[in-house]
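Report on the structure given below.
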Amino acid sequence: MTLQELKRLAAKGESDRLEFKRTTGQRTDAAKTVCAMLNGLGGFVIFGVGDKGELVGQEIGQRTVEDVANELSRIEPPAFPEIETVTFKAGRSFIVLRVPGSGGLYNFDGRYYLRVGPTTRPMPRHQYERRLVERLHGTRRWENEPVPEWKEQADNVYVTFQPAAWFDQTKPTAQAQPESRPEFGHSSARVQPESKRGPLPDRLLQILMEGPFSKASLAGRLGQREVSGQLNKVIRRLLADGIVEQTYPEKPQSRWQRYRLSEKGRKKVRLADPVSGLSNVPAPGQNRRKNARVCT
């Protein structure tokens, strides 16, 4: 972005796709706005511009951009807005965050946000539930669409739409149980149907195939309301075995700590089951020798 482009944006004033912050001291509020824009149409967050659009700039030190990036790392799933600096005048610059829009389900510290005009607000429960249903139970997928059959007879073409190809294979064999509702506003209460029932280590590794997660997010993906003692034991075992690693190993207690598959872990997952990704890693207390043929 050039300085002239930035001046034109500042002249327009704040909107649902444009937010001004005078300094990076407001980076926590800015990260919430980034989260809201990710859940909407995207936009720009600019540091160094006052609420009324006045251009002030700010001094940018060696850690300034890093501090902003660390604040953005508290957004889940991980998002990486483009960060750039624009020189204003001697010793002062702007920091611009370019946020892509996705209409997704991003949260900041376990809470979901939306843009309403030039303000950032918590996402209403009904919108969260609607988006969750659309995300997990989409009805416009190609395999859900009717299958057309074409017949030509006496110079006429007849089209018959049959049920989706997989319809007969997906008829319920028992009465479906109602899906438990998540406790809105905190990621640790989310219920994720994609985490199938099975050994906890297998389910955990299947989730970690998608990327790094905090303990609270892992608990939520597993359908737990809080981080259980069993989950802590499994994570410690996987760390000790080198299957899982921390994103900040030098700061084990960091509030931004995330867990991800190590290279060793990815190899084990691929070797164990290249289709489902299940590793059959033994849970704490299990006989590890029994499962050695799977994990080796």
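Answer yes or no as to whether S73 is within 25 Å of the chain's Cα centre (by Cα) and touching a residue at least 24 places away in the same chain (Cβ under 8 Å). Judged against the criteria, S73 is a match.
For the range 237-259, a tally of residues being outside any loop (DSSP other than H, G, I, E, B) and touching a residue at least 24 places away in the same chain (Cβ under 8 Å) returns 4. Annotation: of all residues in the range 103-112 being within 19 Å of R221 (Cβ to Cβ) and of a type in the set (G, A, S), the one that is farthest from the chain's Cα centre (by Cα) is G110. Filtered by the rule that a residue be in a strand (DSSP E or B) and exposed (fewer than 15 other Cβ atoms within 10 Å of the Cβ), the range 101-120 gives R111, V116, T119. Looking at this structure, is R115 modelled with pLDDT of 60 or more and either of a type outside the set (G, A, S) or within 22 Å of the chain's Cα centre (by Cα) (or both)? In short, yes. For V56, the conditions (1) out of contact with any helix residue (DSSP H, G or I) (no Cβ under 8 Å at 6 or more places or on another chain); (2) among the hydrophobic types (A, V, I, L, M, F, W, C); (3) in contact (Cβ under 8 Å) with a residue 40 or more places away in the chain; (4) over 21 Å from R258 (Cβ atoms) all hold with the exception of (3). For the range 14-67, residues that are among the hydroxyl-bearing types (S, T, Y) and within 17 Å of Y112 (Cα to Cα) total 2.
The values are calculated or read from the model by the stated rules, or taken from the named source; none is laboratory data. None of the values given here were measured: they were computed from a predicted structure. In this analysis, Cβ positions are derived from the backbone assuming ideal geometry, glycine residues included, and neighbour counts consider all displayed protein chains.
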